[in-house]
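Notes to accompany the following structure.
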Amino acid sequence: MAVRLHRCGITWFKLDAHPCWKVEKALRDRGVDYEVVLEPTFPRGKRKAVKEHTGQETLPVIELADGTWVREESSVLVEQINDGKYD
């Protein structure tokens, strides 16, 4: 698995306004091999691994095979996905 997507547990909310879904949809549409890691939706303070690796509790986050964690706004992540950064 080359990419792990850390996202909230609200997986049924599939609107483009939802950042986690927007990034997951971009990964799917691009055909990127990825694994979903569901992080606690509430409270954000329970997202200990996300905080440890990014300094933030905000989702979504992409974790690469080399151990790098990428936390950007969802629109930036989608742009990077569409540019082939995670292929």
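Coordinate-derived values only; no laboratory data. The shown structure was predicted, so the numbers you read here are calculated from the model rather than taken from an experiment. Neighbour counts are summed over all protein chains in view; Cβ atoms, including those assigned to glycine, are modelled from backbone coordinates with ideal geometry.
Would you confirm whether or not the range 74-86 contains a residue that is among the aromatic types (Phe, Trp, Tyr), surrounded by fewer than 17 Cβ atoms within 10 Å (Cβ to Cβ) and part of a loop (DSSP other than H, G, I, E, B)? There is no residue in the range 74-86 that is among the aromatic types (Phe, Trp, Tyr), surrounded by fewer than 17 Cβ atoms within 10 Å (Cβ to Cβ) and part of a loop (DSSP other than H, G, I, E, B). Please work out which residue is surrounded by the fewest Cβ atoms within 10 Å (Cβ to Cβ), limiting yourself to the range 9-55 and to residues that are part of a helix (DSSP H, G or I) and acidic (Asp, Glu). Looking at the filtered set, the residue picked out is GLU52.
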